[in-house]
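Presented below is the structure to which this report refers.
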Amino acid sequence: VTTSAGNPERLVKLLKKRGICVLHVVPNSQAARKAELAGVDVVIAEGGESGGTLSPNDVSTLALVPMIVDCVKIPVVAAGGISDGRGFVAMLMMGAEGVQMGTRFIASLECIAHPRYKNVIVEARETDTLKIYPGPAPVRVLRTPFSDRLDRGKNPSVSEEEVRKALGSARLSFLEGDLNQGPLLSGQGCGIIQEISPVKVIVEDIINQAAKIMKTIHFDFIDSDGS
Ligand SMILES: Cc1cc2nc3c(=O)[nH]c(=O)nc-3n(C[C@H](O)[C@H](O)[C@H](O)COP(=O)(O)O)c2cc1C
């Protein structure tokens, strides 16, 4: 089970009693230490590039993952802005045991999201997301005419209540493809995503790209005598 947002202590006790493995999402090293003390099996270090609800801390995945690897003994999974084999390898190099990817799998054939949502992800560049604020914790969404109106940078008068209401109607945009009725969640890694593919192909591509990079790194940095 994955838990997120806040101290997992109470839930961990319940889940561990039933022998369930618990992964907890953390946005900073203090939260990672707390989660480890609470008894979670794995922490997911999620940086500010991610799609969906974010921490107000806004630490990037690149800065966050090595910090968290250094401060806990349990395995670390990296999340946020990872959309292909390059991101996967980079996170392994930083000491993560694996990655969690959200945005990439929305643009998969099997995802129940509306094709219009998937197409907006494919067409988006890395600069095409913004953070909207239903409260202190922002939510990263794709820039669309609908979400543009909720951008506090452009419209400082937009209230948290308006943003909460807009997120409440996300079902219409997510599942029914009515982009004028709700926002579309996405991370900054949307820029790398070029096509809607079956999950099998996405995973195979990531593994193949990662394996190729690993070989190149070995070739470039390790001499033939292994030094
Ligand atoms: C549409 C969408 C819904 C999400 N819902 C949740 C959620 O309910 N709980 C949670 O902990 N993370 C949620 N996330 C975050 C993902 O689990 C994942 O950590 C994140 O998407 C990783 O960043 P990426 O989108 O750059 O790959 C969501 C992400 C997206 C894009």
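The values are calculated or read from the model by the stated rules, or taken from the named source; none is laboratory data. Small disclaimer: the values here were computed from a predicted structure and weren't measured. Positions of Cβ are backbone-derived with ideal geometry, glycine not excepted, and every protein chain shown enters the neighbour counts. Keep in mind that these areas ignore ligands, DNA and RNA; they rest on the heavy atoms of the full protein, side chains included. Shrake-Rupley method; radii C 1.70, N 1.55, O 1.52, S 1.80 Å.
Key figures for this structure:
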| quantity | calculated |
| --- | --- |
| Relative contact order (%) - criterion: Cα under 8 Å, at least six apart; region: the chain | 19 |
| At 1.567 mPa s and 4 °C, Stokes D of the range 80-154 from Kirkwood alpha-carbon radius, µm² per second | 91 |
| Solvent accessible area, Å² - Glu123, 1.4 Å probe, full protein context | 140 |
| Local electrostatic count, Asn7, Cβ distance below 13 Å [Lys/Arg +1, Asp/Glu -1] | +2 |
| For Gly98, residues with placed amide H under 5 Å, excluding near neighbours | Ala78 |
| Residues with amide H under 5 Å from that of Thr2, placed H, sequence gap 5 or more | Leu23 |
| Virtual spin-label span in nm between Leu175 and Ile74, 7 Å along Cα→Cβ | 3.2 |
| Two-decimal ratio, the chain, of alpha-carbon radius of gyration to 2.2 N^0.38 Å | 1.09 |
| Euclidean distance of C-alpha centroids, the range 169-187 and the range 49-83, integer Å | 26 |
| Candidate lysines - alpha carbon under 30 Å from Lys200, same-chain residues fewer than 8 apart omitted | Lys118, Lys212, Lys215 |
| Volume in Å³ per residue [convex hull over Cα atoms, computed for the range 114-188] | 76 |
| Rounded to whole Hz, the Karplus (6.51, -1.76, 1.60) HN-Hα couplings of the range 76-93, x for glycine and proline | 10, 10, 9, 9, x, x, 9, 10, 8, x, 5, x, 4, 4, 4, 6, 5, 4 |
| Proximal lysines to Lys17, defined as alpha-carbon separation beneath 26 angstrom and excluding residues fewer than eight positions away on the same chain | Lys34, Lys73 |
| With all protein chains modelled, accessible area of Val77 [1.4 Å, Å²] | 20 |
| Area of Glu195 that stays accessible when all protein chains are in place (1.4 Å probe, Å², to 10) | 110 |
| Förster-model FRET efficiency, 45 Å R0, Lys200 and Arg10, C-beta, rounded to 0.05 | 0.75 |
| Rounded to 10°, Cα long-axis angle of helix 199-221 versus longest principal axis of the chain | 40 |
| In order through the range 155-161: 3J(HN,Hα) via Karplus (6.51 cos²θ - 1.76 cosθ + 1.60), integer Hz, x for Gly, Pro | 10, x, 7, 5, 8, 4, 4 |
| In Hz, Karplus ³J(HN,Hα) per residue of the range 9-22 (6.51, -1.76, 1.60; θ = phi - 60°; x = Gly, Pro) | 3, 5, 5, 4, 4, 4, 6, 5, 4, 9, x, 8, 6, 10 |
| Given charges at Cβ of Lys, Arg, Asp, Glu: the chain dipole, positive-most of Asn155, Ile213, Gly191 | Asn155 |
| The chain - accessible surface per residue (Å², probe 1.4 Å) | 54 |
| 222 nm mean residue ellipticity, helices alone, for the chain (DSSP H n ≥ 4; -39,500 (n - 2.57); rounded to 500) | -11500 deg cm²/dmol |
| Apportionment of accessible area to carbon and sulfur, the chain, percent (1.4 Å) | 56 |
